[in-house]
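The values are calculated or read from the model by the stated rules, or taken from the named source; none is laboratory data. None of these values were measured; they are calculated from a predicted model. Glycine gets a Cβ as well: all are built from the backbone with ideal geometry, and neighbour counts include every protein chain shown.
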């Protein structure tokens, strides 16, 4: 039953995070100009900032597992997975794993972008026959 409760906290946070991401990424371009990237960039930066704040809070306040799951895995994970990536990089640097952090940054960005291109072109070639 405890596992199900944790999943419900994550699911509720994820729904709010994903909805917030959509609304913010649609609203920000109206404030900053109709450039597509403003919404995504803003969400990624805000999500990364918020996960830093939340992580700092939970490093001082332990024992609130459901709230932590709701905020970090659910809300911020649904808001932007970039925030999770940022937290992992922060912890690598904080724990003295500088080379691993740099490699992780380069690998994640390079390979993720390459994978998006590969997926696009692979399916496009398949659909064109």
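Remarks
- For the criterion of being loosely packed, with under 12 Cβ neighbours inside 10 Å and more than 13 Å from the chain's Cα centre (by Cα), residue 30 passes.
- Residue 100 being out of contact with any strand residue (DSSP E or B) (no Cβ under 7 Å at 6 or more places or on another chain) and closer than 27 Å to residue 9 by Cβ: no
- Any hit, segment 50-72, residues being surrounded by fewer than 17 Cβ atoms within 10 Å (Cβ to Cβ), part of a helix (DSSP H, G or I) and under 13 Å from the mean Cα position of the chain (by Cα): yes
- Among the residues listed as 122, 87, 92, the single one being surrounded by fewer than 14 Cβ atoms within 10 Å (Cβ to Cβ) and either within 20 Å of the chain's Cα centre (by Cα) or farther than 26 Å from residue 46 by Cβ (or both): 122
- Flag for residue 14 being out of contact with any strand residue (DSSP E or B) (no Cβ under 6 Å at 6 or more places or on another chain), outside any helix (DSSP H, G or I) and at pLDDT 95 or above: no
- If you filter segment 41-72 down to residues that are over 15 Å from residue 84 (Cβ atoms) and in contact with a helix residue (DSSP H, G or I) (Cβ under 6 Å, 6 or more places away or on another chain), you find that the one that is modelled with the lowest pLDDT is 42.
- Residue in segment 105-122 that is touching a residue at least 12 places away in the same chain (Cβ under 8 Å) and closer than 22 Å to residue 22 by Cβ present: no
- Flag for residue 30 being part of a helix (DSSP H, G or I), closer than 15 Å to residue 81 by Cα and either touching a residue at least 40 places away in the same chain (Cβ under 8 Å) or out of contact with any strand residue (DSSP E or B) (no Cβ under 8 Å at 6 or more places or on another chain) (or both): no
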